Amino acid sequence: MDIALLGLGRMGRELVTHLIDAGHRVTAWNRSPGPTETVSRRGARIAASAAEAVEGAEAVITVLFGPDAVRETVIEPALPIRSGALWIDVTTVAPTDADGFASWARSKDVRYVHSPVVGSLAPARAGSLAVLIGGEHDAAREARTIVALWADPDKIRTFDSPAKAATGKLVANLALAISMEALSESLRLGRSGGLATDEVLSLLPLTTIAPIAGMKGPVVASGEFDDTQFSAALLAKDLRLMLATADTPLPAAALVAAELQRAIDAGQGDKDFSVIARDR
């Protein structure tokens, strides 16, 4: 299949590899040229513009920073995706954004499916991400044959609309954000009471935050947050989407959003989101 992939950030670079390895003919585009060289060596054709990338593509995959980037790349320039093509948007967006993108796609005779992923770079590389799929039945079924390349088959969830898939991704990231804050505050409390970091981490496998403690505890203990699996800036953006979407207060989400913003203001937005648990 001829596939265009727009967006070669950390996640996009992982997903494009699966497409190439599966034998698809991939044309890739990125706003900045930095990541394109590696992807080109893997076998993708690099386009000079998004419009060039989508020319003749049977499927277009967008893996962008957020809804504003989707609007700037696809909607505002009226990206010339061919009639009947499948548009799979992996970008984390709000449900209202997904509805708007679906409406635009219908007006262009393009089949829109929202398919965000749940997981970080390591499971993306291993092809074991959780994947959400939301869209019209036939389009979602076709999209599944593509996104299954990076999915754990037991972790695929299908919804009957793009907006529901978008909401599902925000729910998943809310759980991630709050569990990270629980790890951070557990460490602060333990240190205040005289426990060493390693002693606190030895207790957390006994608790309900065992998964996040196992995943991020060693990172926090090392004090090194440069091996970014999911950046503070990205999670902060997602929390803004959550707070804008909810019709009731989300006090825990607001608290984590403020923690992440402090990290961003300190120049740590590109570091792993676990930087909020750094020793102060």
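The values are calculated or read from the model by the stated rules, or taken from the named source; none is laboratory data. This is a predicted model, so every value here is computed, not measured. Virtual Cβ from ideal backbone geometry, glycine too; neighbours counted across all protein chains shown. The protein model used for the area step is the full one, side chains on, heavy atoms only, and it has no ligands, DNA or RNA in it. Shrake-Rupley method; radii C 1.70, N 1.55, O 1.52, S 1.80 Å.
Sorted by accessible area with a 1.4 angstrom probe, largest first, how do Asp89, Asp21 fall?
Per-residue accessible area, sorted high to low, gives Asp21, Asp89.
Computing FRET efficiency as 1/(1 + (r/R0)^6) for Ser49 and Ala221, where r is the C-beta to C-beta distance and R0 is 45 Å, gives about 0.50.
Rounded to the nearest 0.05, the FRET efficiency derived from the C-beta distance between Ile75 and Gln261 at R0 = 25 Å is 0.35.
Note on the range 143-174 and the range 24-74: Cα centroid distance 21 Å, given to the nearest whole angstrom.
The count of lysine pairs in the chain that are at least 8 places apart or cross chains, and whose C-alpha atoms lie under 18 Å apart, stands at 5. Peptides 153-159, 224-230 ranked from most to least packed by the mean count of surrounding Cβ atoms within 10 Å: 224-230, 153-159. Counting only heavy atoms of the protein chains and using a 1.4 Å probe, His24 has close to 50 Å² of accessible surface. Only DSSP H runs of four or more residues enter the estimate; each adds -39500 (n - 2.57), and after division by the residues of the chain the mean residue ellipticity at 222 nm equals -15000 deg cm²/dmol.
Using alpha-carbon pairs under 8 Å, 6+ residues apart, how would you state the relative contact order of the chain in percent? Relative contact order here is 14 percent. Which of these values of P(r) over Cα pairs in 10 Å bins from 0, in percent was calculated from the structure shown: (1) 7, 28, 34, 21, 8, 2, 0; (2) 6, 29, 37, 22, 5, 0; (3) 6, 20, 24, 27, 20, 4, 0? Recomputing P(r) over Cα pairs in 10 Å bins from 0, in percent here picks out (1). Net charge in the neighbourhood of Ala182 (other residues with Cβ under 14 Å of its Cβ; Lys, Arg +1, Asp, Glu -1) is -1. Note on the chain: dipole from Cβ charges, positive end direction compared against Leu187, Ala252, Ala59; the farthest Cα belongs to Ala59. Put a dot 7 Å past the Cα of Met1, heading toward its Cβ, do the same for Ala210, and the two dots end up 3.9 nm apart.
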